[in-house]
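Here the structure comes first, spelled out in structure tokens, and everything after it is commentary.
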């Protein structure tokens with residue numbers, strides 16, 4: 001059956017061993033401002049970005065941006081009083097279908113593409129960042145890296161369960177190449193830097 | 001029907017062809033802009049190509065390593081030699097879980113295996129959840145592009161389809177309205193699905209994890225809501241180490257649509273508590289392609305679609321003219337390996353301009369492989385009598401200097417003085433839909449000699 005037949009066929013048909021090439025990270029050195037580059041790329045991919053000033057609170061700014069959100073899940077650990085729904089590992093993922101807003105702590109951002117790495121450690125139910133109508137990611141502005149090579153070295157020691165790089169809100173251009181924001185995942189993504 | 005016959009069908013609607021051509025070229029331009037913005041882009045391509053070559057030369061060991069690590073993480077691993085085995089494995093997993101409703105995200109492999117009709121015959125509802133794939137599914141068609149499945153449909157056509165299948169109001173093809181209606185319809189499907197099927201963009205030997213990339217979020221909506229997640233992958237999706245994702249994720253979306261990365265790049269390593277995750281590893285002709293030294297590199301492909309967007313033939317003939325799961329230049333070197341007779345016209349659907357090889361993120365020598373397939377095909381597959389005779393005559397003329405000069409003079413004379421209906425007869429494929437350039441009295445040889453004489 002399958003397994004043995006496939007492995008045997010690969011063994012018979014593969015070429016002699018070709019060595020694995022090495023990536024030279026020196027090729028990607030760039031003297032850029034990570035924060036400015038990150039901001040620009042978040043906007044490019046359709047997200048919005050807000051850098052909190054010392055006089056602004058996260059709570060107020062989120063309220064201002066999403067005044068109509070009623071069902072709110074807050075996993076950001078920033079002691080806001082925004083949460084109206086609490087969830088845990090035991091929550092049925094399908095019960096999240098009416099969530100208006102989810103707030104999640106991002107671990108770090110990637111300047112070259114405006115993506116943020118979030119992992120299961122920071123939200124108890126995997127479907128949360130996708131099923132919520134709107135998504136807010138909170139990120140410390142020092143936690144930025146230049147490119148995906150650095151990003152993978154930052155997560156190389158993690159406990160591997162589930163994690164995702166998110167770059168902007170869900171989108172599609174499948175009807176005559178017209179870009180529409182809000183496909184099957186979150187309708188909007190706002191990154192709050194503090 | 002040959003590719004040329006089907007392309008002629010597509011070309012009957014000139015306005016649509018022009019739109020298709022421009023829309024895809026625009027995507028190619030976005031790819032250029034995005035790629036040129038990356039310092040060290042060519043180094044990334046070189047290394048990516050080298051990693052893929054290493055993978056193919058050590059694939060059996062990587063597959064074993066991948067399986068071991070995936071099993072350790074609680075993922076169930078299955079192996080399928082061909083499409084039939086793949087479909088049977090998927091059916092069995094669904095039956096074991098009493099799953100009757102399935103949501104699927106984009107997977108060219110399940111298209112290749114014709115999984116949908118197989119499941120539907122067993123009364124299982126399968127819904128394609130990528131918007132483009134959903135459109136072609138309700139239209140009872142196949143994707144015409146691997147990244148933009150419904151690029152051959154106008155918005156008005158989508159409007160009509162949605163009115164008929166999901167009860168939308170007439171909107172003159174308003175993309176926002178239609179996308180939002182599809183979102184509502186698909187939400188309901190996600191929430192009620194028993195199982196989710198996804199493709200795999202990369203499978204990492206070192207960790208036993210897989211990566212799925214989407215812009216819509218449909219793979220994640222499906223796999224995290226349903227109890228069972230089945231991911232189908234071809235054996236060539238393996239990469240050795242997780243750090244290599246840094247390379248491939250930088251290349252994939254930029255090459256595909258010009259985005260710096262897809263909206264979601266999801267790394268699945270373990271099933272969530274109380275859920276099941278299955279990976280089906282499929283051969284279906286890939287080890288045979290591995291055995292062909294000249295065509296082996298076609299297995300480097302990461303399915304970005306850049307070769308299609310840039311191809312002057314693809315842009316003007318449409319994906320369906322290839323009559324294959326994977327259309328375009330890369331499809332034209334993969335498909336003949338599966339069925340040489342059926343797909344024998346595909347390697348000729350190219351100008352051999354090499355643009356496909358230039359944009360390929362993993363540096364597959366696509367146009368050279370197309371040329372190599374042609375050598376195989378003219379030997380193994382019967383060629384049309386007209387083409388055969390013309391090439392025979394041309395061979396004779398080109399081998400004989402006097403005959404060549406005479407034919408050149410004749411041709412110039414005819415093009416100048418023969419009546420239009422003769423010059424533009426059916427035999428002259430170059431005269432279809434365009435006028436030939438004005439004919440000069442001399443050929444280059446004569447012109448050059450005169451010029452030298454005059455200049456001393």
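The values are calculated or read from the model by the stated rules, or taken from the named source; none is laboratory data. Since the structure is predicted, the reported quantities are computational estimates derived from the model, not experimental observations. Counting neighbours? That spans all protein chains shown, and the Cβs are built from the backbone with ideal geometry, glycine included.
Listed values, structure above:
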{"read-out": "Given (1) within 10 Å of chain A (Cβ to nearest Cβ); (2) within 27 Å of residue B:265 (Cα to Cα), index of the condition residue B:181 fails", "value": "(1)"}
{"read-out": "Filter pass, residue B:254 being assigned to a helix (DSSP H, G or I) and buried (at least 24 other Cβ atoms within 10 Å of the Cβ)", "value": "yes"}
{"read-out": "Residue, modelled with the lowest pLDDT, within the stretch B:357-382, restricted to residues that are exposed (fewer than 13 other Cβ atoms within 10 Å of the Cβ) and over 30 Å from residue B:48 (Cα atoms)", "value": "B:382"}
{"read-out": "Residue that is surrounded by the most Cβ atoms within 10 Å (Cβ to Cβ), among those in the stretch B:269-283 that are at the interface with chain A (Cβ under 7 Å from one of its Cβ atoms) and more than 16 Å from residue B:107 (Cα to Cα)", "value": "B:269"}
{"read-out": "Residue that is nearest to residue B:47 (Cα to Cα) [pool: residues in the stretch A:1-49 that are under 17 Å from the mean Cα position of the chain (by Cα) and not in a helix (DSSP H, G or I)]", "value": "A:45"}
{"read-out": "Per-region count, the stretch A:46-73, residues under 23 Å from residue A:183 (Cα atoms) and in contact (Cβ under 8 Å) with a residue 24 or more places away in the chain", "value": "13"}
{"read-out": "Residue selected from the stretch B:237-251 under the condition facing chain A (nearest Cβ under 7 Å) and touching a residue at least 60 places away in the same chain (Cβ under 8 Å), by the criterion surrounded by the most Cβ atoms within 10 Å (Cβ to Cβ)", "value": "B:250"}
{"read-out": "Qualifying residues in the stretch B:29-42 (those that are surrounded by fewer than 18 Cβ atoms within 10 Å (Cβ to Cβ) and part of a helix (DSSP H, G or I)) - the one farthest from the other protein chains (Cβ to nearest Cβ)", "value": "B:32"}
{"read-out": "Members of the stretch B:146-170 that are more than 11 Å from every other protein chain (Cβ to nearest Cβ) and at negative phi", "value": "B:146, B:160, B:163, B:164, B:165, B:166, B:168, B:169, B:170"}
{"read-out": "Residue satisfying all of: in the stretch B:44-57; touching a residue at least 12 places away in the same chain (Cβ under 8 Å) and within 7 Å of another protein chain (Cβ to nearest Cβ); nearest to residue A:5 (Cα to Cα) among these", "value": "B:56"}
{"read-out": "Selection within the stretch A:90-123 - within 20 Å of the chain's Cα centre (by Cα), over 24 Å from residue A:41 (Cβ atoms) and not in a helix (DSSP H, G or I)", "value": "A:97, A:99, A:100"}
{"read-out": "Sole residue being free of Cβ contacts under 8 Å to residues at least 24 places away in the same chain, farther than 30 Å from residue A:152 by Cβ, over 23 Å from the mean Cα position of the chain (by Cα) and buried (at least 19 other Cβ atoms within 10 Å of the Cβ), chosen from B:168, B:179", "value": "B:168"}
{"read-out": "Subset of the stretch B:121-145 [more than 13 Å from every other protein chain (Cβ to nearest Cβ) and either within 15 Å of residue B:318 (Cβ to Cβ) or part of a loop (DSSP other than H, G, I, E, B) (or both)]", "value": "B:121, B:122, B:123, B:124, B:140, B:141, B:142"}
{"read-out": "Qualifying position, being at pLDDT 95 or above and either in the same structural domain as residue B:107 (by TED's automatic domain parsing) or surrounded by 23 or more Cβ atoms within 10 Å (Cβ to Cβ) (or both), among B:304, B:353", "value": "B:304"}
{"read-out": "Of all residues in the stretch B:290-323 being at the interface with another protein chain (Cβ under 9 Å from one of its Cβ atoms) and part of a helix (DSSP H, G or I), the one that is farthest from residue B:366 (Cα to Cα)", "value": "B:291"}
{"read-out": "Residues satisfying the stated conditions in the stretch B:74-96, i.e. within 11 Å of another protein chain (Cβ to nearest Cβ) and either crowded, with 17+ Cβ neighbours inside 10 Å or in contact with a strand residue (DSSP E or B) (Cβ under 6 Å, 6 or more places away or on another chain) (or both)", "value": "B:77, B:78, B:79, B:80, B:81, B:85, B:86, B:89"}
{"read-out": "Test: residue in the stretch A:87-104 that is within 11 Å of chain B (Cβ to nearest Cβ) and either under 26 Å from residue B:206 (Cβ atoms) or touching a residue at least 60 places away in the same chain (Cβ under 8 Å) (or both)", "value": "no"}
{"read-out": "Looking only at the stretch A:169-194, and only at residues there that are closer than 24 Å to residue B:106 by Cβ and not in a loop (DSSP other than H, G, I, E, B), the one that is farthest from the other protein chains (Cβ to nearest Cβ)", "value": "A:188"}
{"read-out": "Residue list for the stretch B:324-341, restricted to those being touching a residue at least 12 places away in the same chain (Cβ under 8 Å) and outside any helix (DSSP H, G or I)", "value": "B:324, B:325, B:326, B:327, B:340, B:341"}
{"read-out": "Extreme residue, surrounded by the most Cβ atoms within 10 Å (Cβ to Cβ), among residues of the stretch A:148-168 that are part of a loop (DSSP other than H, G, I, E, B), in contact (Cβ under 8 Å) with a residue 24 or more places away in the chain and more than 7 Å from every other protein chain (Cβ to nearest Cβ)", "value": "A:155"}
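Listed here are the residues, each with its yes/no results for (1) surrounded by fewer than 16 Cβ atoms within 10 Å (Cβ to Cβ); (2) within 30 Å of residue B:259 (Cβ to Cβ); (3) facing chain B (nearest Cβ under 7 Å).
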| position | (1), (2), (3) |
| --- | --- |
| A:3 | no, no, yes |
| A:8 | yes, no, no |
| A:16 | yes, no, yes |
| A:28 | no, yes, yes |
| A:42 | no, yes, no |
| A:47 | no, yes, no |
